[in-house]
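Read-outs: derived from the displayed coordinates by stated rules, not from any lab. Since the model is a prediction, treat every value here as computed from it, not as a measurement. No Cβ is skipped: glycine too gets one built from the backbone with ideal geometry, and neighbour counts run over all protein chains shown.
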Amino acid sequence: MLDLNRIYPDCRDNSLKRWGVTFSKRICLVVALLFTVGAINQAVAEGALYKLDIPAQPLGDALQQLAERADIQIIYSRSLVADKAAPALAGNFALESALSSLLIGSGLSYSFSSKDSVVIKAAPVEPESSSGNKSSRTPDQKQTKGFVLEEVTVTARKREESLQDTPLSVTAISGTELALSQINSSQDLSNITPNLSFDSYASASGSNAAASVFIRGIGQTDFVPTTAPGVGIYIDGVYMAQSIGAAFDFIEVQRIEVLRGPQGTLFGKNTIGGAVVIHTKKPANEFGGRVEFELGSDNQTNGTFALDIPISDQLLTQVSGTVRNRDGYVKNIITGRDMGDDDSRGVRFAALFTPSDNLEFFFTADHTHERENGAPNVLVGINDRAPFVAIANAASAGCPVSFPPPQSSPLGNSACANSQWELAPHKVAANADLVSELDVYGTALHVDWDLDLLNIKSISSYRKVDSSSRRDGDNTPLTIAHTGDVLQQDQFSQELQFSGTLLDDRLNWMFGLYYFTEEAENPNIVDLSIGSILSGGEVESRTKAVFSQATYNLTERLSLTAGLRYTKEKQTFLPDQYALTPYLSPTGLLLPLDQGGSRILPHDTVTNEISETTPMATLSYYVTDELMTYVSYSEGFKNGGFHQRIPAPLPEVPTFGPEFADVWEVGFKYTKDWLRINGSIFNTDYTDIQTVVRRGFAPVTINAGDARINGFELEGSIVPTPNWYFMFGVGYLDAKYINIPTEVLNNNTINKSSELTNTPEWSTNFRAAYSKDVGELGSLTLRLDWIYRSSAFKTTNNASYLEQQSYNLLNAAIIFEDPNQDWRIMLAGKNLHDEIYLINGADSLGTAQGVADGAFSRGREWTLSISRNF
């Protein structure tokens, strides 16, 4: 095996790491000093009492007056306060006392989502039990009684607001809901999110943590740094630029929002399909924490912990971590190792510093460490008359074939590569030393400064990805196509947001600046039966953007939102691709690479620059206090890139252009006591589509043409009684190519009848949960989930052997909690009827390489977990 570090000795030396850390520290220090000096010059609010004179009036108006007087944000849906009155309030009140007084007799309660943000929600109703006692179960919050329809807050528009007041197709999932749904990692999100596909084994990657994410049929299957993802992944407002490292376990998640459709105005480039926005928990103001231990099938042993340590009233800290261990589920009969295993560690530190009532610093640092056996890829097709396979067979001692010409090899002879090694779905005979290793580091500083006329937010971040993986592309005992991939990536970003209200709070505005820079080195070795090459190179990108968005309340029920973003990006690529050993032709003569060290591409830097403007507009109208409707238009783009997998010499680096999406959407959001239901219908014009095809035997990205994608989402939650809880989601996609350039038609196995990759027509999920009081012991909850996905192709050429067939999943859980919800025991099962389905795949069967591989799902799983809050 070739030593990548020996061949490419400087691949671990990344200058951006030194520059990024230094620059990040300087930026953060300047911002911190600026904000701190400003805070010192401001008068700190004296005492915690507010002088109020609020007359008796409708509850919504009274809450608005309190919010203005206390200079806080009070979030509630219109339907929640409709037809409710508030009593008069006069005198000096603490904020908590004022809220309690206004809500008395309304059937509502409140909670603080941050120091200056309050959420109004329905107060839980105590369910009856067979014994006449009261239950203590709620899906989302501790120490409330029974299931209730919780008020959900989101920041999809970069300001905190009720989900039901947000004119956008959003799925929002709380941290508690994630735990109770057995959603421990990012790839599980597609089980409860319509029109989302989230795979952790990107095509041809060999890594267990290479995300392939699609929303509404738009995403990216490739993972190399010269291509960009089509769905943005954000953690606490920080963009994760690379696919590798974007499939991860959750640590102390407060909430996840899946935003569907282009988010080009507020989030920017590479959110053309949408965005997955993850919010982590902030430290609590009292000492406490949580521990959880889990056992399960495949020798699964997982543990998580979180510990809140307040240093003072102004400085709060939190330490959290997770350990995951699980055997792989694909047996490699050559090495005896299990592929697709879990062996990861994660740790996170958070600190919240509030030197005054209007200034907040939130710092986070995280590290993820994975050392695993490799992706669970298996052989799904082989052509032993293809040149690479035929040459390997001819060179294999004991395989009775010669070359040329290509000959079929005998089945049953283990020295030959042929269909006898098609052992899918859970067995493989790979002779490569497969591995998947990953280290991710990240730091971020959030500064939130509330002034009289505006709010200023700063997000400074540095992240690093260090990955190494090896893949056996042929999955046979012979060496036909092996790849080794190393990624060293560093990124720094700085975002400034300015927001406020004008015109008697009828205009809510935001203005922002964004800067992002990235460097990545991605050398990869390709060992073929005809020789070895080094592929890849160095990639740099720099992005600058300015954006603005404003919402104007035309009337009490009608609002207009408009936004615009200007993005300018510069990318450079320095290819470092050459032959490591001579290429041999079938006759034994040298191919154009006549010696080791021959260049495949010129060792010259190439540049790609782009500037784009992405607008959006939304008109929302409250038909009633319970029903909001909206119509919106938005645009997004994904930047172009470079081909870095070139098998034969070329005079210059091939490139591909950006892709674009324009979306019209009509939707509604309805809430009434025990029912919440949200729906959207959309039409997408998807142009200059980036998709992966084969050039020779190498996967490359091209602009394949244009498509139209129509569809809808429908989601709902129902709480008919405090004992019962139902949730459902339905997504539908009708995607068709409408234009394919002649050049693409002539050179690729793609036409107008081809289906778009990773675009199932239907995606549905349903949940039923029942909670029962068991006396003084606590409560018992039974939960049943059903997930359905219709079929979808995993490759551009719609290869039948790489089609994900439609599948159904059935998950269930029994959950016991003590009366105070300090202890929780959960016995859970996933995929109870043992459904096996394709996750991802790569197709070279029709090329000289002559093989196709794919990864399949695990079978039935069970877990038993116990957690303790203290």
Original post:
Order of 473-482, 559-568 by packing, highest average Cβ count within 10 Å first?
Top reply: 473-482, 559-568
Original post:
If each of S791 and K51 carries a label point 7 Å out from its Cα toward its Cβ, how far apart are those two points in nm?
Top reply: 7.5 nm
Original post:
So, counting K/R as plus one and D/E as minus one, what does the shell of residues with Cβ under 12 Å around I702 add up to?
Top reply: -2
Original post:
What relative contact order, as a whole-number percentage, does region 243-327 give when Cα pairs under 8 Å and 6 or more residues apart are counted?
Top reply: 24 percent
Original post:
Is the shape of region 234-341 rounded, prolate or oblate, going by the alpha carbon gyration tensor and its root eigenvalues a ≥ b ≥ c, with a/c under 1.5 for rounded and a/b larger than b/c for prolate?
Top reply: oblate
Original post:
What residue among N393, I334, S800 has its Cα farthest toward the positive end of the dipole of the chain, where the charges are +1 on Lys, Arg and -1 on Asp, Glu, each on the Cβ?
Top reply: N393
Original post:
Angle, helix 15-40 long axis vs. longest principal axis of the chain, Cα atoms, 0 to 90°, nearest 10?
Top reply: 10 degrees
Original post:
For the chain, taking Cα atoms only, what is the radius of gyration to one decimal and the Dmax to the nearest whole Å?
Top reply: 28.1, 98
Subject >> Listed pairs K570/K638; K158/K457; K570/K752 exceeding 22 Å between Cα atoms >> reply: K570/K752
Subject >> Value of relative contact order over the chain, rounded to a whole percent, pairs C-alpha under 8 Å and six or more apart >> reply: 11 percent
Original post:
In debye, nearest 20: dipole of region 362-466 around its Cα centre with unit charges on the Cβ of K, R (+) and D, E (-)?
Top reply: 580 debye
Original post:
Taking θ as phi - 60°, what are the ³J(HN,Hα) couplings along region 653-663 by the Karplus curve (6.51, -1.76, 1.60), each to the nearest whole Hz, with x for Gly and Pro?
Top reply: 7, x, 10, 9, x, x, 10, 9, 9, 10, 10
Original post:
Got a sec? Charge dipole of the chain, +1 on Cβ for Lys and Arg, -1 for Asp and Glu; which of A432, L528, I54 is way out at the positive end?
Top reply: L528
Subject >> Cα pair distances in region 384-486, grouped into 5 Å bins until the bin that holds the longest one, percent each >> reply: 2, 11, 15, 14, 10, 8, 6, 5, 5, 5, 4, 4, 4, 3, 2, 1, 0
Original post:
Given the Cα-Cα distance of T317 and L827 and 0.36 nm per residue of separation, how much length would full extension add, in nm?
Top reply: 180.4 nm
**OP:** Determine, for F93, F870, the number of other Cβ atoms within 10 Å of each Cβ, and report the residues in order from fewest to most.
**Re:** F870, F93
Subject >> C-alpha long axis of helix 59-70 to longest principal axis of the chain, angle in ° >> reply: 80 degrees
**OP:** Sort D734, D222 so that the residue with the fewest other Cβ atoms within 10 Å of its own Cβ comes first and the one with the most comes last.
**Re:** D734, D222
**OP:** Rounding to the nearest 20 debye, state how big the charge dipole of the chain is about its Cα centre with +1 on each Lys and Arg Cβ and -1 on each Asp and Glu Cβ.
**Re:** 480 debye
Original post:
Roughly how large, in nm² to one decimal, is the mean projection of the convex hull of the alpha-carbon atoms in region 314-367?
Top reply: 4.8 nm²
**OP:** Determine the dipole magnitude for region 275-324: charges of +1 sit on the beta-carbon of Lys and Arg, -1 on that of Asp and Glu, nothing else is charged, the reference point is the Cα centre, and the result goes in debye to the nearest 20.
**Re:** 140 debye
**OP:** Can you put W786, W421 in order of Cβ neighbours within 10 angstrom, beginning with the fewest?
**Re:** W786, W421
Subject >> Furthest towards positive pole of dipole, Y76, H369, I104, structure part the chain, Cβ charges >> reply: H369
Original post:
Mind ordering 691-697, 498-504, 812-818, 370-376 by average Cβ neighbours within 10 Å, highest first?
Top reply: 370-376, 691-697, 812-818, 498-504
Original post:
Efficiency by 1/(1 + (r/R0)^6): what FRET value for L295 and N413, r their Cβ-Cβ distance, R0 = 56 Å, to the nearest 0.05?
Top reply: 0.80
**OP:** Using θ = phi - 60° and the Karplus relation 6.51 cos²θ - 1.76 cosθ + 1.60, list the HN-Hα couplings for region 186-191 in order, rounded to whole Hz, with x at every Gly or Pro.
**Re:** 4, 5, 6, 4, 5, 5
Subject >> Order by protection proxy (mean Cβ within 10 Å, highest first), peptides 293-300, 256-263, 642-649 >> reply: 256-263, 642-649, 293-300
**OP:** Output the relative contact order of region 690-748, whole-number percent, from Cα pairs under 8 angstrom with separation of 6+ residues.
**Re:** 34 percent
**OP:** Sticking with the crude label model, points 7 Å out along Cα→Cβ, report the distance from L453 to F511 in nm, one decimal please.
**Re:** 1.1 nm
**OP:** Check the straight Cα-Cα distances from K282 and name the aspartates and glutamates below 12 Å, setting aside those fewer than 8 residues away within the same chain.
**Re:** D236, E252, D308, E360
**OP:** Per DSSP H run of n ≥ 4, the term is -39500 (n - 2.57); total these for the chain, divide by its residue number, and report the mean residue ellipticity at 222 nm rounded to 500 deg cm²/dmol.
**Re:** -2500 deg cm²/dmol
